[in-house]
Structures are given as C-alpha cells and as structure tokens.
1. Past 29 Å, Cα to Cα, is the threshold; run Lys22/Lys134; Lys22/Lys83; Lys277/Lys301; Lys37/Lys83; Lys134/Lys173 against it and keep the listed order.
2. Taking every pair of alpha-carbon atoms in segment 63-201, what share in percent sits in each 10 Å bin, from 0 to the bin with the longest distance?
3. Could you tell me the ratio Rg/Rh of segment 146-206? Both radii from Cα atoms, Rh via Kirkwood.
4. Over the chain, what is the mean sequence separation of C-alpha contacts under 8 Å (at least six apart), divided by residue count, expressed as relative contact order in percent?
5. Express in nm, to one decimal, how much length is gained between Ala161 and Ala242 on full extension, taking 0.36 nm for each residue of separation and deducting their alpha carbon distance.
6. Could you line up Leu151, Leu289, Leu229 from fewest to most neighbouring Cβ atoms inside 10 Å?
7. Given q = 0.24, 0.25, 0.26, 0.28 Å⁻¹, what are the Debye log10 I(q)/I(0) values for segment 226-300, with equal point scatterers placed on the Cα positions and solvent ignored?
8. In nm, to one decimal, how far is the modelled label at Ala286 from the one at Ser73, with both set 7 Å along Cα→Cβ?
Amino acid sequence: MKYRSNRTMHIISIIGPTGVGKTAVALALATQLIQHKEIVGVDIISADSRQVYKDIPILSGADVPDGFLPVSSSAYQQQFFVKEQIRLHGVGILAAQDSWSLGQFQSLFHEVYAQAVQQHRAVIVVGGTTLYHKQLLQTDARLHVLPNAELRAKLATLSLAALQARLSALNFKYWQTMNNSDRANPRRLVRAIEQTVAAMQAAPEVKGLAKKSTPKQIFLFVTTPSAVLHERIAARVQQRFAGGVVAEVQRVLQLASVSEQLTSACGFVEIEQYLNKKLPVDECIAQWLAREIRYTKAQYKWQSQFADALQLRTETATWRDDLLMLLQSVY
C-alpha cells in the first residue's frame, strides 16, 4: 500500500462518545499508517475544548499516553508531545483563565497541517465536539476573531437581557438565526457580539483567510454497546476521583480568574458542590456519572450528522484488525 504523495493529504477525524476509546484508536491508527504508508510520521490533534487546559488533566481526561514527552519547537506556537514518529497537539496548552474557540482550534489545525504537508506526515483529529470536526475546513472569517479581553470585561457586567438587546441592536440578522438555547447562553451572546464588533471594525483577522488546498476529510465514528460504554465511564469516574481530581478542582477554585469554559467541564460543578459540603461523596460521584452518560447520549445523536462516516466497534478483541481493513478501504 503506497501513501498518496500529492500535496493535498487526507485528514482522518475520529469522533464518538466519551469513554469509547478514541485516543487508543487514534494511536493504533497512527501506528498502522506509519507501518503501512510511505510517511515520515503522524500528527494527532486533540479537538477536546477542555483538554486544552493544563490545570485540569485529571478532570478532562487529558491522559497523555505513556512514553510521550513534552517538546517546544519554533515551528509551532504551542508545546506538544512526542513519542518516536507520533506527535500529540492541543493538550494542556492553556492557562485556566484563557478562552478557547473554534477559530483558535482551526488556527492550531492549519499550523500543524502546514508542517505535516511539508514533512510528509499524516494528520488525525480526535475527540471533542463534532462542531470542531464539521467546521475544521470552513473559512468563515467570523471563526477567526480573537478574544477581546477589554470588550469581554465590559460585557461581563451586563445582564442576560442586556446582552440580548445589545446583540439584537448590533446584528439583528444574526440574532434572528439563533435558537432559544443560544439566546439564553451569555457566553454565546458575548462571542456573537465580539465577532460582530470585530467585523464592524474591519479587523485584519476577519477579512478572510488565505486560500488553501482543501484536503479530503474522512470521518471515523467509534462506538461500542451502551452497557459496555456506561461501565467504562463509571470506572473512569471512580479512577479520577481516586486519582486526585478533587484536589485538582480545589486548586483551580483558588485561582483569581477561571474561564467559564473550564468550569463547564463534566464533574467540575459536582466536585465544587462536594467541596462546599452541599453533596456527599457518593452523590457527587453519582451526579457526575449521570452527567457523563447524558452527554454520551447527545454524542450518539451527533452521529446522524455524519451519514458517510466509517464505523468501528471497540468492544471486540479484533478491533485493530478491523481498523486496518477500514484504513485500506479509504487509501
């Protein structure tokens, strides 16, 4: 099997519910690509918007695989991890107070992808919300508006009703397209106002992106029976609780400033309530587990958005062989 040596490389997006084993699949796929293709190596990019935070590796499940070591390079703006020919990007790169957006993720992807093309490396995007995967190659300039700390500070003093009125006045057309959930979400409203203001000011970063060759994006949906998945999630929650997640959250709560995005991670609110003696330990774990399982149900619904996605089941002992067969079918 020969890897296609053209300059537009395939991108493999690995999606699926939390706890299904997407990282293990990504590593296995990377190994198979190296063994069976004429490539120098593989870049794995995490699309998880919580695992970007360096202060919550236990809570977010940002378990860097064994043998991967942190590396800094002038070729990349952010630190990454390396093991032999595999690089892992997008994990533990932000401080607790920092924001992370789709546009920032796209910038990370394009930075890694540009280097991968030059060095003849394959690219795998794994985990996170399907929004990041769906919009990965989109060039809507609004996605690349950087956070405006001064504007956000001013907007933070406004009520929900005031934010709604501000956005409606600034960009009524966009306001009309928002669903009720987004209209009731202060973070979404602030981001929409931020994007609108940037567009009105004709900021250079929102005038458009440089044209790039568009690679083919292959979607791989990783799945397993619900009973198996729930058992894995329950074990993982217990392991994180025993592994120091309470102390981790306690340290974050002592920081002067913490991003709302970080505190929205599954388990954070439940552990905060436990620390404040509002929940006993058993109820804290039970509520955290229930929240994780509700999230997996939403993730399974997302599968309908990827009608052409390949599917891989991970409960069988032969899933690595199945993965190789899928790889051969698309390259």
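Every number here is computed from the coordinates shown, using simple stated rules; none is lab data. Everything quoted here is computed from the prediction, not taken from an experiment. A quick note on method: Cβ atoms are made from the backbone with ideal geometry, for glycine too, and the neighbour counts reach across all protein chains shown.
1. Values: Lys22/Lys134 17 Å; Lys22/Lys83 18 Å; Lys277/Lys301 35 Å; Lys37/Lys83 18 Å; Lys134/Lys173 23 Å.
Checking Cα-Cα distances, Lys277/Lys301 exceed 29 Å.
2. 10, 34, 30, 17, 9, 0
3. On the way: Rg = 11.0 Å, Rh = 11.7 Å.
Radius of gyration over Kirkwood radius for segment 146-206 works out to 0.94.
4. Relative contact order, the chain: 27 percent.
5. On the way: separation 81, 0.36 × 81 = 29.16 nm, distance 4.19 nm.
Contour length minus Cα-Cα distance gives 25.0 nm.
6. Details: Leu151 14, Leu289 19, Leu229 23.
Fewest to most other Cβ atoms nearby, the residues stand as Leu151, Leu289, Leu229.
7. Here log10 of I(q) over I(0) equals -1.17, -1.23, -1.29, -1.38.
8. 4.9
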